[in-house]
Structure formats: C-alpha cells, structure tokens
Amino acid sequence: MNQNVTLAVAKGGRILSAQLELLAKIGVEPLDDMKTSRKLIFDTNRENLQLVLLRGADVATYVEHGIADLGMTGKDSLLEHGEEGYYQPLDLKIGQCSIMVAGLRDEPPLPSRLKIATKYERTAKQFYAEKGIQVDVIKLYGAMELAPITGLAHRIVDIVETGNTLKANGLVTLEHITDISTQLIVNKVSMKMKHRKMQNMIDELSAVVGE
C-alpha cells in the first residue's frame, strides 16, 4: 500500500500564505516557493508528504476522488461542490468571512420572483428554497455589485469580509446565509487505509489552529 500523503492547498495570495503559515507551525515546508514557482506539485521537508496547488473550487474534487488524501479549502467551495464525498474533521479558522445577500441601499419595490446574481448557485438556490421563495439565479464570476446597479439582478449572494466594496457601490447586506472559513477535508478511503498518517496530520493541525 502506497503510504505517501498528498495534501491539496488552495491557490490565492492571502489564503495560500495563511495555509503555508499554518503548515509551518507543524514543521512542514515546501522545498520550492509555492508563490512564485510554476510547478503544481511540491515536495516538502517531510518525507512522503507532497503538496498540490489547486484552485479552491477543485480541491474537493481531487480529495473526493482520492488524488489528494487531504485538502484545505473554503467552506464556500465545499457547499457548492456538495459535502458528501469526504470527511470534514477540522475548521482551520483561516479566511473567515460570510456569505450574505446584498442589495441596493435605496432598493426600489421588488417583484415576487427575484433575480439573484451569484457564483454560488447551489448555495443561493438552497437558501431561497428553504424560505419558500422562487428565484432566478444568474451565474456571475466577479464584479457582483454591478448586477443590482445595472438592473441585471435585484440582489446578489456573495462573500462579504468587510462590506467596504458593497458600501462603495451603494449596496448593503440584507441577510446572512452562513459563515465561511477554510476547512480540512480528508478522503474517506485514505482515512481508512492510511489512518495513522491522516489522524496524525489532523491532530497536529488541530493543536496549532487558532494560535
């Protein structure tokens, strides 16, 4: 049985730095600079541990299919992917923010069926379904604030950290959907076949989370 361990980490300036800082606390360092290298697979100073650099939205797919044994990615990505194909043993307490509904500060009267702009389609649909409200979801990948301003959508569902971008564009938060932070996820087969290594990694990270 191959006992090498692969940990998928999410790309992105601040979030990658936070993940690497957390790994450094347990003594794990990549042998190349993950922020500047064009490589996607990195050996580390820990024998038999490799890091794979992925888009946050892809981490869960690689873990679910067993290409990576463990992964670090935001709860927002997991909600969109579906949370059944892996274990979520630990909240890493980094990248903390919220998914919120936002709209224009001076919102005009709205129709009974709303148009919602978001890249979080699954999350938005579930939120409104639970409220018994029918909506049309418009998929966008950025500049969400433009949607209500231009009339593309009535409201948006998006990540909110400080709310400054919303405020600058004449929007306000209206409803809180869920809190978000980076989670550690583990492949179910790896947890069984490499249990000691998986549990050691979970325990090591758990000991330093929040320091």
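The values are calculated or read from the model by the stated rules, or taken from the named source; none is laboratory data. Keep in mind that this is a model prediction, so the values were computed, not measured. Backbone-built Cβ (ideal geometry, glycine too); neighbour counts: all protein chains shown.
Pairing each residue of the stretch 189-211 that is over 14 Å from LEU49 (Cβ atoms) with any residue that is of a type in the set (D, E, K, R), provided the two are 6+ apart or on different chains, yields C-beta distances under 6 Å for VAL208/LYS25; VAL209/LYS93; GLY210/LYS93.
The rows are residues; the columns are (1) farther than 28 Å from VAL186 by Cβ; (2) at pLDDT 95 or above; (3) assigned by TED's automatic domain parsing to the domain that holds MET191; (4) not basic (Lys, Arg).
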| position | (1), (2), (3), (4) |
| --- | --- |
| LEU110 | yes, no, no, yes |
| LYS115 | yes, yes, no, no |
| GLU121 | no, yes, no, yes |
| PHE127 | no, yes, no, yes |
| VAL137 | yes, yes, no, yes |
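Would you point out which residue out of ILE15, ILE67, ILE94, ILE26 is over 21 Å from the mean Cα position of the chain (by Cα) and surrounded by 14 or more Cβ atoms within 10 Å (Cβ to Cβ)?
Details: ILE15 fails: over 21 Å from the mean Cα position of the chain (by Cα); ILE67 fails: over 21 Å from the mean Cα position of the chain (by Cα); ILE94 fails: over 21 Å from the mean Cα position of the chain (by Cα).
None of the other options fit; the residue is ILE26.
Taking the criterion of being touching a strand residue (DSSP E or B) at 6+ places or on another chain (Cβ under 7 Å) and outside any strand (DSSP E or B), the residues of the stretch 75-95 that qualify are LYS75, ASP76, LEU78, TYR86, LEU92, ILE94, GLY95. Applying the criterion of being among the polar types (S, T, N, Q) and in contact (Cβ under 8 Å) with a residue 60 or more places away in the chain to the residues of the stretch 2-12, the residue that is surrounded by the most Cβ atoms within 10 Å (Cβ to Cβ) is THR6.
GLU47: under 16 Å from the mean Cα position of the chain (by Cα), surrounded by fewer than 21 Cβ atoms within 10 Å (Cβ to Cβ) and in a loop (DSSP other than H, G, I, E, B), yes or no? Break it down into steps so the answer makes sense when it comes.
Values: under 16 Å from the mean Cα position of the chain (by Cα): no; surrounded by fewer than 21 Cβ atoms within 10 Å (Cβ to Cβ): yes; in a loop (DSSP other than H, G, I, E, B): yes.
Judged against the criteria, GLU47 is not a match.
The single condition from (1) on the phi > 0 side of the Ramachandran plot; (2) crowded, with 20+ Cβ neighbours inside 10 Å that LEU78 fails is (1).
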